Amino acid sequence: MYWEREFETLERNKLRSLQLERLKRTVKQAIQSPFYKELYQRKGISADRLRHVEAIRELPFTTKQDLREHFPYGFLSLPKRDIIRLHSSSGTTGNPTVIFHNRHDISSWANLMARSLYCAGVRDTDVFQNICGYGLFTGGLGFQYGIERLGCLSIPAGAGNSLRQIKLMQDYGTTAIHAIPSYLGRLYEVFQAEGLDPRKDTDLRLFVIGAEPHTEEQRQRIEDMFGVKAYNSFGLSEMNGPGVAFECTEQAGLHIWEDAFLIEIIDPETLEPVPDGEFGELVMTTLDREAMPLIRYRTRDITRIIPGVCACGRTHARLDRITGRSDDMFIVKGCNVFPMQIEGVLLKVPEVGSDYLITLERINGVDEMIVEVEVKKDWFNGDIARLDRLSKFITHQIRDEVLTKPIVRLVEPGSIPKSAGKAVRVLDKRVFDSVKL
Ligand code: ADP
Ligand code: ZN
């Protein structure tokens with residue numbers, strides 16, 4: 001049932017004491033780095049001042065900007081000879097940031113990954129295919145070490161080349177997969193083009209999907225297409241990568257491993273904690289990292305803690321599905337819009353295919369939100385009236401959700417450009433327009 005019963009079901013008050021002990025150790029360790037040394041000395045902060053976990057609120061935040069300004073070694077808390085690996089983020093929203101690990105960190109991360117996979121129901125009898133870029137991106141090696149620690153037969157497949165992926169699945173009888181959700185719709189199309197049905201022609205039973213925002217609708221589509229259970233996996237390179245928070249088989253939120261991370265949810269404007277159960281920005285502190293501890297790191301990810309306890313018996317808090325980053329939100333005609341709101345609407349429409357793209361443009365001096373949507377292959381037959389009806393329907397549904405009317409364009413399957421890694425859902429061309437003027 002559990003990978004580490006002792007830690008996963010630890011009573012909350014004991015978990016809190018463990019956190020305090022580890023927080024003090026972390027602060028002591030962090031002070032060895034040039035960045036925290038200078039900052040904490042200037043502010044007169046020391047580990048002894050921390051008498052309870054809540055006292056963390058007196059410490060300053062750490063931001064992505066800090067990581068960039070002190071690139072590459074400013075956060076290193078150990079001599080370079082003790083470091084055995086570095087990873088960097090995919091740079092979706094700017095320059096990459098780098099994280100360093102010593103032997104302890106890599107081992108502790110592998111353990112958290114194994115714990116996470118076990119919690120989602122992966123077992124050592126599984127044949128696990130990791131469809132994910134190996135290299136600086138943490139999803140490759142992060143999963144690899146976890147799968148091996150758990151004891152599955154691992155297939156380090158890497159990303160892309162769907163025909164090869166399908167061949168691997170069939171040759172070795174793959175039962176479990178990790179992939180980004182936006183890739184799986186495309187993979188399914190390749191199955192279909194080959195005249196194959198993954199439900200019948202493979203042994204797949206369990207997917208781990210994550211690394212990018214997606215909706216409940218997207219999960220359900222993936223589960224239906226492949227005849228599997230799909231579990232949400234959340235992580236970010238600054239907090240190792242995958243293995244931060246994972247769904248258990250209840251599929252009722254993502255358990256965040258509180259013996260390894262201290263979490264806070266704050267209002268990104270006031271920086272004050274939000275009331276229990278409300279949405280805000282996730283702020284995280286590493287509790288078990290030696291080479292590069294981070295304290296009160298602002299992830300910019302928007303989520304909330306789901307109140308109550310989980311039926312699985314784990315005592316670690318559950319995060320709600322991450323709806324996106326605070327900087328994903330865009331404003332059009334005065335309305336605040338998150339791309340996932342649009343995805344939620346689109347994927348409820350059965351005729352809609354797997355991809356969509358939101359473009360923001362200034363047309364005749366007015367901001368417009370253009371939503372291009374692929375429709376399913378078997379539905380696209382050139383009947384203009386039918387397309388028109390569908391496009392009107394989607395337009396109304398989106399307007400009801402985000403309170404501003406989009407321009408909806410239905411397009412053929414496969415016509416929206418695919419990115420190599422995480423899906424790009426929004427193109428904001430308004431910035432360039434104003435530069436031209
Ligand atoms: P980058 O910041 O360049 O994308 P990372 O690979 O570190 O690099 O990406 C981590 C980010 O990916 C998270 O902060 C979050 O915004 C997003 N993310 C990861 N997993 C999920 C998930 N399961 N649901 C939603 N967003 C996710
Ligand atoms: Zn649970």
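Any read-out appearing in this document is the output of simple, stated calculations on the displayed coordinates, not a laboratory observation. Every value quoted in this text rests on a predicted model; they were computed, and no experiment measured them. In this analysis, Cβ positions are derived from the backbone assuming ideal geometry, glycine residues included, and neighbour counts consider all displayed protein chains.
Okay, here's what the table says:
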| read-out | value |
| --- | --- |
| Percent RCO, i.e. relative contact order, over segment 1-326, from Cα pairs under 8 Å lying at least 6 residues apart | 19 |
| DSSP beta bridge pairing in segment 170-274, given as percent antiparallel to the nearest 5 | 45 |
| For the chain, size of Cβ-based charge dipole, Lys and Arg +1, Asp and Glu -1, in debye | 920 |
| Fewest-first sequence of GLU269, GLU216 by Cβ atoms within 10 Å of each Cβ | GLU269, GLU216 |
| Interchain or long-range residues, amide H under 5 Å from ILE407's placed H | MET369, ILE370, VAL371 |
| Share antiparallel - DSSP beta bridges, segment 330-428, percent rounded to 5 | 60 |
| Dimensionless Rg ratio for segment 39-157, taking C-alpha atoms and the 2.2 N^0.38 Å reference | 1.32 |
| Listed residue pairs exceeding 30 Å between alpha carbons, taken from LYS14/LYS64; LYS376/LYS405; LYS392/LYS429; LYS167/LYS418; LYS43/LYS80; LYS376/LYS429 | LYS14/LYS64 |
| 0 to 90° range, to nearest 10: angle between helix 181-193 axis and the chain longest Cα axis | 40 |
| D (Stokes-Einstein, µm²/s), Kirkwood Cα radius, segment 161-225, 1.306 mPa s at 10 °C | 131 |
| With Cα atoms, 0 to 90° folded angle of helix 384-402 axis to the chain main axis | 30 |
| Directionally averaged projected area (convex hull, Cα atoms, segment 330-428), nm² | 6.5 |
| R0 of 45 Å, Cβ-Cβ distance ALA47-TYR2: FRET efficiency to nearest 0.05 | 0.90 |
| For the chain, alpha-carbon Rg relative to the globular expectation (2.2 N^0.38 Å, N residues) | 1.02 |
| Centroid-to-centroid separation of segment 139-181 and segment 270-304 [C-alpha atoms, Å] | 31 |
| Share antiparallel - DSSP beta bridges, the chain, percent rounded to 5 | 60 |
| Length added when fully stretched, GLU223-GLN170, from 0.36 nm per residue minus Cα-Cα | 17.2 nm |
| Under 16 Å from the Cα of LYS422 - lysines, other chains or at least 8 residues apart | none |
| Under 20 Å from LYS333, Cα to Cα: aspartates and glutamates that are on another chain or at least 8 residues apart | GLU343, GLU361, ASP367, GLU368, GLU372, ASP400, GLU401, ASP428, ASP433 |
| For segment 272-289, 3J(HN,Hα) per residue [Karplus equation, 6.51 cos²θ - 1.76 cosθ + 1.60, θ = phi - 60°, Hz, x = Gly/Pro] | 8, x, 8, x, 3, x, 9, 6, x, 8, 7, 10, 10, 10, 6, 10, 9, 10 |
| GLU58, GLU368 arranged by Cβ crowding within 10 Å, fewest neighbours leading | GLU58, GLU368 |
| Listed residues ASP124, ASP327, ASP203, most fluctuating in the chain (Gaussian network, C-alpha, under 10 Å) | ASP327 |
| LEU387, LEU403 arranged by Cβ crowding within 10 Å, fewest neighbours leading | LEU403, LEU387 |
| Degrees between helix 12-30 axis and first principal axis of the chain (Cα, 0 to 90, nearest 10) | 80 |
| Distribution of pairwise C-alpha distances over segment 1-101, 10 Å bins, in % | 13, 34, 32, 20, 1 |
| Semi-axis lengths (Å, descending) of the ellipsoid that matches the C-alpha gyration tensor of segment 114-168 | 19, 14, 8 |
